[in-house]
Amino acid sequence: MKLAMIYSFLKNDLAVIEEAVNDTIKSDNPVLREASSQLLQAGGKRIRPVFVLLGGKFGDYDIERMKAVAVSLELIHTASLVHDDVIDEAELRRGEPTIKSRWDNRIAMYTGDYIFARSLENLSVLENPRAHQILAGTMVELCLGEIEQIRDKYNIEQNLRTYLRRVKRKTALLIAASCRLGAIAANAEPAHERALYQYGYYVGMSYQIIDDVLDFTASEKELGKPAGSDLLQGNITLPVLFSMEDHEFKKELEHVFQQKEDLTAAQLQSLIEKVQSNGSIERSLELSDRYLKKAYQALNKLPANRAKQTLKGIAKYIGKRRA
């Protein structure tokens, strides 16, 4: 089953949000308008708006309030991807040329800044100080996660705690905030708000771990970028962390990283094959499953309704995701 089928009953509301997202980033400047529209037009799962809408189903659901939150969360995610591509020197995103590859780093950075600003401006219609504080705090953590990733590039002296904190900041907190802010916008009960936040956090952790696994196991066509791209960019993900427990693997990786300025995919092929066969993929998926189990436990605190069943379905889909 495709992911969109799981939340198909939200189709009409998601169409409203999609239109609002595109309207929000419109600009009179032709370069800014085209650059900011490019990534949105390339598609994406829009999973953060979905979580906002589902969170709102546990309270007084109003599409106008949901729209304000959902658009802002999707734009923050989009802006972070634009900046990510500059940092990673990525040429492709979702199989299409990145903004930095079509224009340059300066255009990409200002485009990301513009989208961030439009996100904050859009949420201003929601008259709830807590919502603004939570969103601002999430953006701070997101930026810290990005800084940590830059700092730790090609650094083989990392541990599991470092990795999990980075995943939390880069991915999990934005998904958790999506669930939580949907609940807040709908004036849901505090206990339900907390349960939704916990669910989003655990699902987000699982989602990113599986993403890191797919970088080694999925095809270039499925990924929209070459397999092993994270390692080529010097990003130490969970399968590599587990692999580095083997002294010989770590020694080989250290040697390869000494040539980071001229590093090629071919030079990493031996390491990629070892990651694929040494059991680190399976261990990574086991940790992902542990987070998903906690996500299901968080859902037990919520009343039974269609949204709860949909959240279960999304968690199940994420656990089985292989592309």
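The values are calculated or read from the model by the stated rules, or taken from the named source; none is laboratory data. Note that the coordinates shown come from a computational prediction; the quantities given were computed from them, not determined experimentally. We place every Cβ from the backbone using ideal geometry, glycine too, and count neighbours over all the protein chains shown. Each accessible area value is taken on the protein alone, full model and side chains, heavy atoms only, with ligands, DNA and RNA left out. Shrake-Rupley method; radii C 1.70, N 1.55, O 1.52, S 1.80 Å.
Among (1) without any contact (Cβ under 8 Å) to a residue 60 or more places away in the chain; (2) among the charged types (D, E, K, R); (3) under 19 Å from Leu214 (Cβ atoms), which single condition is Asp289 missing?
Against the list (1) without any contact (Cβ under 8 Å) to a residue 60 or more places away in the chain; (2) among the charged types (D, E, K, R); (3) under 19 Å from Leu214 (Cβ atoms), Asp289 comes up short only on (1).
In segment 166-187, how many are open to solvent by 30 Å² or more (accessible area, probe 1.4 Å), part of a helix (DSSP H, G or I) and out of contact with any Leu (no Cβ under 8 Å at 6 or more places or on another chain)?
Looking only at that region, the number is 1.
Of the conditions (1) surrounded by 16 or more Cβ atoms within 10 Å (Cβ to Cβ); (2) at pLDDT 80 or above, Leu32 fails just one. Which one is it?
(2)
In segment 113-140, which residue that is surrounded by fewer than 16 Cβ atoms within 10 Å (Cβ to Cβ) and charged (D, E, K, R) is farthest from Glu89 (Cα to Cα)?
Only one residue fits best here, namely Glu127.
Which residues, taken from segment 92-112, are free of Cβ contacts under 8 Å to residues at least 40 places away in the same chain and either open to solvent by 70 Å² or more (accessible area, probe 1.4 Å) or more than 21 Å from Arg46 (Cα to Cα) (or both)?
Result: Lys100, Ser101, Asp104, Asn105, Arg106, Met109.
Hey, among the residues in segment 288-307 that are in a helix (DSSP H, G or I) and in contact with a helix residue (DSSP H, G or I) (Cβ under 6 Å, 6 or more places away or on another chain), which one's surrounded by the fewest Cβ atoms within 10 Å (Cβ to Cβ)?
So, considering only residues that are in a helix (DSSP H, G or I) and in contact with a helix residue (DSSP H, G or I) (Cβ under 6 Å, 6 or more places away or on another chain), the one surrounded by the fewest Cβ atoms within 10 Å (Cβ to Cβ) is Lys294.
Taking segment 139-165 as the region of interest, how many residues are over 16 Å from Leu81 (Cβ atoms) and in a helix (DSSP H, G or I)?
12
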